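Please treat every number below as a calculation from the coordinates, not as lab data. All figures in this text were calculated on a predicted structure; none of them were measured in a lab.
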Amino acid sequence: MSKRVLLTGGTGYIGSHTAVELFAAGHDVVIADDLSNSSVTVLDRISEISGRRPDFVKLDLRDLNGLKQVFRRFDIDAAIHFAARKSVGESVEQPLLYYDVNVNSLLNLLVAMAEFKVDTLVFSSSCTVYGQPDVLPVSESTPFQPASSPYGNTKQICEHILRDYSLTGVGLKAISLRYFNPVGAHESALIGELPLGVPNNLVPFITQTAAGLRERLQVFGDDYDTADGTAIRDYIHVVDLARAHVSALQRSLHHPNAANYEYFNVGTGSGTSVMEVIKAFEAAAGVPLPYKIVGRRAGDIEQIYADTSTANAELDWRAEKTLADMLSSAWQWQQHIAAQDGPVG
Ligand code: NAD
Ligand code: WQD
């Protein structure tokens, strides 16, 4: 049955892809975003792909009254909460900003949802909650490690808020999706990741380097205890990740016996090293990638990848796209940005 879904942070990278998948599944989409890390033109791009335009309100989620207006104006059935600051390094420099935006946005959303009797929520969590796990692959029952950044701590705090709140019997059905490393772009190359300034993350740095915007990729460490010495992550195509939100929503709406609060790993289940990503990119894009091995990046863990069996079984979802799909779509998107919008940062 068609639902009207509020996407906070919905003009962002993962939110925009999720809007497309929600439309494809027959739902309506309302986006609330302050555009602090995204562009309003994303709405045109979503419309071009989907043939439908999301309703949009420019709003800082810290504004509770403004948020209540959104619930008053639209007949919201469910919310997916993407809105957050997401840079690990920036969170170390500006911890109060991160606690303010990331924690207060969730609190405001829960207050507004309670007032307007909306009881279905999907929350953007992160594999960062696990730190460097002792056993791999990491399952949902693996305990959290102390957070290594204020950003990571906000994700742990938000999950704890959802756990505690769901125990009060308010009737909220909440699901945290613990994303591993989302990469890639929609096959249309109309939406993708738009990092401001110099990218922190591996794949945008690779595509900008291949496009000639950066001189070379720095590979942070080749002395890890892995087959080729470089660090291992579980990269997941953003479209597969977006589909997981549609599945999580279906579960919350139609699975009365599910616990009030649940959390799932959303990855592929495979670990890939930095060197393997570089080689796969060169093969997928057909261009060489200049790189240099440098020292380890402070705060990086050696390796993490997901046990996705619970998400596969309970959400009836699995990642389908390959590493080559991820990297070729990221490259198409990079070329689209270069053609349409000029270089970023
Ligand atoms: P993004 O920055 O592209 O999207 C976040 C959106 O939220 C942006 O459009 C931004 O303008 C908006 N926003 C920020 N603060 C806001 C506020 N106060 N009020 C309203 N809107 C606000 O990031 P993304 O990669 O799409 O991430 C979405 C969510 O997924 C975030 O919660 C992030 O922490 C989480 N996550 C991301 C990754 C990743 O690697 N991209 C990994 C794990 C978890
Ligand atoms: C991947 C690998 C780097 C850049 C971060 C956040 C995490 C989550 C996802 C939100 C690592 C190496 C990178 C470069 C490199 N986000 N690398 N050269 O660090 O796994 O996770 O994004 O929740 O919280 O910490 O992702 O893409 O930055 O790095 O060698 O220029 O690539 O060392 O091994 P990471 P990443």
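Report, in degrees rounded to the nearest 10, the 0 to 90 angle that the Cα long axis of helix 64-73 makes with the longest principal axis of the chain. Orientation of helix 64-73: about 70 degrees from the principal axis.
Work out the P(r) tail for segment 119-206: percent of alpha carbon pairs separated by more than 23 Å, whole number. Pairs farther apart than 23 Å: 40 percent. Would you mind pulling out the separation of the Cα centroids of segment 97-135 and segment 204-256, in Å? Value for the Cα centre distance between the two parts: 21 Å. Kirkwood Rh and Cα-based Rg: tell me the resulting Rg over Rh for segment 1-135, rounded to two decimals. My calculation puts Rg/Rh at 0.98. Within the straight-line cut-off of under 13 Å between alpha carbons, the aspartates and glutamates reachable from LYS117 are ASP75, ASP77, sequence neighbours fewer than 8 places apart in one chain being disregarded. Hull volume per residue, based on the alpha-carbon atoms of the chain and their convex hull, is 125 Å³. Across all Cα pairs in segment 43-93, the calculated P(r) in 10 Å bins from zero up to the longest distance comes to 18, 37, 33, 11, 0 percent per bin. May I ask what percent, to the nearest 5, of DSSP beta bridges between residues of the chain are antiparallel? That works out to approximately 5 percent antiparallel.
Along its three principal directions, the equivalent ellipsoid of segment 144-281 from the Cα gyration tensor extends over semi-axes of 33, 19, 15 Å, largest first. Computed from the Kirkwood radius of its Cα pairs, the Stokes-Einstein diffusion coefficient for segment 199-343 at 37 °C and 0.692 mPa s stands at 194 µm²/s.
Rounded, prolate or oblate: which fits segment 84-126, taking a ≥ b ≥ c as square roots of the Cα gyration tensor eigenvalues, rounded meaning a/c under 1.5, else prolate when a/b beats b/c? Oblate shape, in that a/c is at least 1.5 and b/c is the bigger or equal ratio. Beyond 20 Å in Cα-Cα separation lie the following of the pairs LYS86/LYS173; LYS155/LYS321; LYS86/LYS155: LYS86/LYS173; LYS155/LYS321. Strictly greater than 15 Å: what percent of every Cα pair in segment 224-302 meets that? The share of Cα pairs beyond 15 Å in segment 224-302 comes to 71 percent.
Averaging Cα coordinates gives a centre for segment 274-345 and one for segment 1-49; these two points are 23 Å apart.
To the nearest ten degrees, helix 323-340 and the longest principal axis of the Cα atoms of the chain are 90 degrees apart. Candidate cross-link partners of LYS279 among the aspartates and glutamates, defined by an alpha-carbon separation under 14 Å and a same-chain spacing of 8 or more, comprise ASP228, ASP325.
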